[in-house]
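Written below as C-alpha cells is the structure these notes are about.
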Amino acid sequence: MHLQSDAFEVLLAAMKFWIFLALAALLSFSAGAQPATAEATNLWQFKLPDHGTDCSPTLAPDGTIYLGTFEGWLLAFTPDGKVKWRFKADREIKSSPAVAADGSIYFGSRDWKFYALTPEGKLKWKFTTGAWVDASPALATDGSVYFGSWDRNFYALNPDGSLKWKFATSNLISGSPAIATDGTIYFGSHDKNFYALAPDGTLKWKFTTGAEITASPAIGADGTIYFTSTDGNCYALKPDGTKLWQLHTDGDTSSSPVLDAEGNLYLMANRVHISIAPDGKLRWRHPTEFKLDMTPVVTAAGTVYFSNPWRRLCAFDSARGTFLWGGPIQTSLLSSPVLDEQGIIHLCDGLYLYAMKPPTNAAPPARSPWPMWRANPQHTGHAQP
C-alpha cells in the first residue's frame, strides 16, 4: 500500500510539474504576443510643503511653472523642478494664476484678496474683495483683469489694480471667465445663470440652466460658446445667447470643456470621459469608477489626457476614445494636466508636482481657436493667435 501511495504521489508531483511548465509557456507566449501597456516617464517630482494643493500648475512663456498651495504659498519653479521663489498669501490659493505678456502673475486667495506679482515674485498690488477668490482670472488684450468671487460679484480691474467695474450676480462665482475676440466676457455662476457682459460691464444677456455652473466656458472658431452645468448638461450657445443644443452627460458635470482644432469637445462628467462633436452629437464615452470634475487637455497629435482620481494619468485616442497608456501617481490625483510646448505633462496629485514625458507622440496643446485656459500654456484665458 505504501509503495502504491508513494508511486501515486510521484506521479501527481510529475503531473503538477508539467502543468506548471505548460502554464508558464502559455503565459510567456501571451506576454510576448501582448506587450505591457507603456507608461509615461516621470522626469521629476517635487514634494510640496505642508498640506499640498488641489490646483493645476500654470506654465509661463519663459518656462517658469507657477503653483498655489493650501497654505497660501505661490511657488515659482524652473523647468527642471527647482524652486525659484515663493510668495505668501494669508490663506489658501485654490486656483491657477494667469501670466500676462509682461510676465506679471495674477491670482486670488481665500484671504479675500486678489494679487499681482512681478516675474521676480514681488508684490505689485493687491485688491480686496468681499469673500474668497477661488476662480482663476482671465486677461484681456487691453490689460484688464477679470475674475469672480464668492461675494457674488464679477470684477474687472485695470492693470494698476484699481477697480474698473463690478457686476453683481445672485450667488458665488467659482469658475473662470472666457473672453471672445470682440471683448465679450462669458462666465457662469452658482445662481444657475450663464452671463455675457460687454467690455464696459453691462449685461448683454444671460442664459438660465437647471443647476449651479461651476466650470469655465470654451469658445469655438465661429463664436459658439460651450459650457457645462451641474444639471448634467453640456450647452452650446450662439453669441447672441440663443441655444444651439444641449447634451445630457450622465449626471453632475463640473468639468470645463476643451476644444481641438476641428471643434470637437472633450470633458469629464459623472464617472465618464466624453467627447462631443461640434453639432452636439456624442462621439464617444469611456466609463470610469469615479466622479470626475478635472478638465482634460488635447494635444496637436490627437491624444487627450484625463486625470483619474485613483493614481492615474490616462491617455486616450481623441478620435476613437480608446485607451492608449497611463501614468502612475503617488497619491489620489486632484489636478487637471497641463502641457508645455515640448509636450511635457505637468500636474499635481495633492502632495507632489510632476513633470512627465509621454511614452509616444509627445506634442504641444492643440492649436484650436479656443484651447481653454487649462490647455493654454500662458493660462491667459483668451484665445491664442
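Quick note: the coordinates plus some simple rules give every number you see, no bench work behind them. All figures in this text were calculated on a predicted structure; none of them were measured in a lab. We place every Cβ from the backbone using ideal geometry, glycine too, and count neighbours over all the protein chains shown.
The Cα atoms of the stretch 162-311 cover 43, 30, 29 Å along the three principal axes, with the biggest extent listed first. Fully extending the segment from E262 to N361 would add 33.7 nm, taking 0.36 nm per residue of separation and subtracting the current Cα-Cα distance. Note that the stretch 185-192 has calculated 3J(HN,Hα) couplings of 10, 10, 7, x, 9, 6, 7, 6 Hz, one per residue in order, obtained from phi through the Karplus relation 6.51 cos²θ - 1.76 cosθ + 1.60 (θ = phi - 60°); glycine and proline are x.
Normalising the Debye intensity of the stretch 39-357 to I(0), with uniform scatterers on Cα atoms only, and taking log10 at q = 0.10, 0.13, 0.14, 0.15 Å⁻¹ returns -0.53, -0.94, -1.10, -1.27. Taking amide H as placed 1.01 Å from N in the peptide plane, K204 has its amide H under 5 Å from the amide H of A196, L197, A198, each at least 5 places away in sequence or on another chain. Would you mind counting up the charge near G223? Only other residues with Cβ under 12 Å from its Cβ, with Lys and Arg at +1 and Asp and Glu at -1. Charge balance in the 12 Å sphere: -2. Modelled this way, with points 7 Å down the Cα-to-C-beta line, the labels at L282 and H51 are 3.8 nm from one another. When the Cα positions of F127, Y146, G81 are compared along the charge dipole of the stretch 52-146, F127 comes out farthest toward the positive end, with charges on each C-beta of Lys, Arg, Asp and Glu.
The label-point distance for T322 and A221, in a model that sets each label 7 Å from Cα toward Cβ, rounds to 2.7 nm. Near V297, the amide H atoms lying under 5 Å from its own belong to Y305; only residues 5 or more places off or on other chains count, and H is placed 1.01 Å from N. When F187, F207 are sorted by how many other C-beta atoms sit within 10 angstrom of their C-beta, beginning with the fewest, the order is F207, F187. Charge tally around L282: other residues with Cβ under 14 Å, Lys/Arg +1 each, Asp/Glu -1 each, net +2.
The residues Y66, Y352, when put in order of fewest to most other Cβ atoms within 10 Å, stand as Y352, Y66.
Relative to the current alpha-carbon distance between D160 and K206, full extension at 0.36 nm per residue lengthens the span by 13.6 nm.
Shown for K164, K238, K122, K192: other C-beta atoms within 10 Å of each C-beta, ranked fewest to most, produce the order K122, K238, K164, K192. Applied to the stretch 100-105, the Karplus parametrisation 6.51 cos²θ - 1.76 cosθ + 1.60 on θ = phi - 60° returns per-residue 3J(HN,Hα) values of 7, 4, 8, x, 5, 10 Hz, with x for Gly and Pro.
The stretch between T128 and V83 holds 13.4 nm of extra length on full extension. This uses 0.36 nm per residue minus the Cα-Cα distance.
Which of rounded, prolate or oblate describes the stretch 47-152 when judged by the alpha-carbon gyration tensor and an a/c cut-off of 1.5? Taking the square roots of the gyration eigenvalues as a ≥ b ≥ c, the stretch 47-152 is oblate. Working note: Karplus 6.51/-1.76/1.60 with θ = phi - 60° gives the stretch 146-151 the couplings 10, 6, x, 9, 5, 7 Hz, where Gly and Pro are set to x.
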